[in-house]
Amino acid sequence: MTKFIKYIWKNSKYFLFTIFFTMMSLIAQSQAPTHIPREQTRPVDFLESTENIVFFIVIPVLIVILYLVWRRNLKKQREEEEKNQ
């Protein structure tokens, strides 16, 4: 019996963490309104207009590409600094 108690005491933070998040999810779910009519909205059609294509596809892709180029240049600069030292 003492081994079991030691095991529970040792892992109590994981147990309490699990209980805490289980209770929080139940509380969050219980606060969702069920008797209020919800507005029916249609999903965004990305190919509907040129603006949607630019805002939701082209700009994020450009941001990712620029970030990758920036990181590569930063890495090259660090390597050159290490070689020069």
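The values are calculated or read from the model by the stated rules, or taken from the named source; none is laboratory data. Keep in mind it's a predicted model, so treat the numbers as computed, not measured. FYI the Cβ positions are ideal-geometry reconstructions off the backbone, even for glycines, and counts take in every protein chain you see.
What to note about this one:
- Single match in GLN29, GLN77 (criterion: at pLDDT below 80 and part of a helix (DSSP H, G or I)): GLN29
- Scanning region 48-60 for residues that are free of Cβ contacts under 8 Å to residues at least 12 places away in the same chain and surrounded by 10 or more Cβ atoms within 10 Å (Cβ to Cβ) turns up SER49, ASN52, ILE53, VAL54, PHE55, ILE57, VAL58, ILE59, PRO60.
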